[in-house]
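Shown next, in structure tokens, is the structure this report addresses.
Each value in this text was obtained by applying a stated rule to the coordinates, not by laboratory testing. Since we're looking at a predicted model, the values are computed, not measured. Methodologically, a virtual Cβ is constructed for each residue, glycine included, from the backbone with ideal geometry; neighbour enumeration extends over all protein chains shown.
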Amino acid sequence: MKYLKEYDGIKSTTMYTISPTTKRTNDMCRKISDEIFDIINSNINADENEGEKLKNIYNEAVNLTLMNNKSNNIKNTFKKPRIPIPFYGFILDNRCFGVKKNHNLYTQCMNPKVEGMYCKVCAKQANNTSTGKPVYGDITDRKDQWNEQLVWAPEGKTKEVPYMNIVKKMGLQIGQAQQIVEELGWGPIPNCHLEERKIRRGRPKVKNVAVEDSDDENKPKRKRGRPVGSFKKKEKKKEPTDEELIALLCGE
């Protein structure tokens, strides 16, 4: 069973599966509960209005009990998508609200919530950032800023890429991804994710701009290397002769 909710302007999907065994058990529990209530009600001296109020309170308690049982089944039966899927505005409200890089698709973290709106890992990241959010941000902010131009990027990070880039890089089947998002209750993957974007690697080329200088036009071009004669040979000091040494010693 799939449920699509919308609250505070956020599209969100709660996805879970109730197995036939669980459904039969719930139906059986409800039937037994109704029979117990009828026995109790028949032994209570209550007027019609009080009996109706008691019946409503009882039904609410039974529904709450079965809902809690169903929530446990949701937690146990949820399965993460087998392959990366793109983000295009939908949020799973029973999953962590952190953003994962996920091959530059920047998708929702699929771990269960543990602390507030985040899982254990994303909560730890949020506690160590100045924004109070995980490293790659919060999925609700991502949803508010998302558009089909696919130019969103966390602060200081590279921008998102179309899903088709990842499909070709990893050898995925687009039909398999469409089936997964259909199971999640989302709409089809939009065309902006189905067109590959050419990404240039490395630094951009620098254009050489020629600057004319009239003063430099008439100057002769210098040859490469050091100019000839730039280094003067050091003159060797002449050693004094024996006569000169004797004269120096005698003070002449």
What FRET efficiency comes out for Y58 versus I174 if R0 is 51 angstrom and r is the Cβ-Cβ distance? Round to the nearest 0.05.
0.50
Approximate spin-label separation R82-N41, in nm, with each point projected 7 Å along Cα-to-Cβ
4.8
Using a 10 Å cut-off around each Cβ, can you sort Y136, Y58 from fewest to most neighbouring Cβ atoms?
Y58, Y136
Amide H partners (placed H, <5 Å) of C109, local residues excluded
G98, V99, K100
Test of understanding: what is the full-extension gain from K223 to T65, defined as 0.36 nm times their sequence separation minus their Cα-Cα distance?
47.6 nm
Given the pairs K113/K168; K79/K101; K101/K168; K31/K79, which are separated by over 28 angstrom at their Cα positions?
K113/K168; K31/K79
For labels at N104 and R30 in the simple 7 Å Cα→Cβ model, what's the distance in nm?
5.0
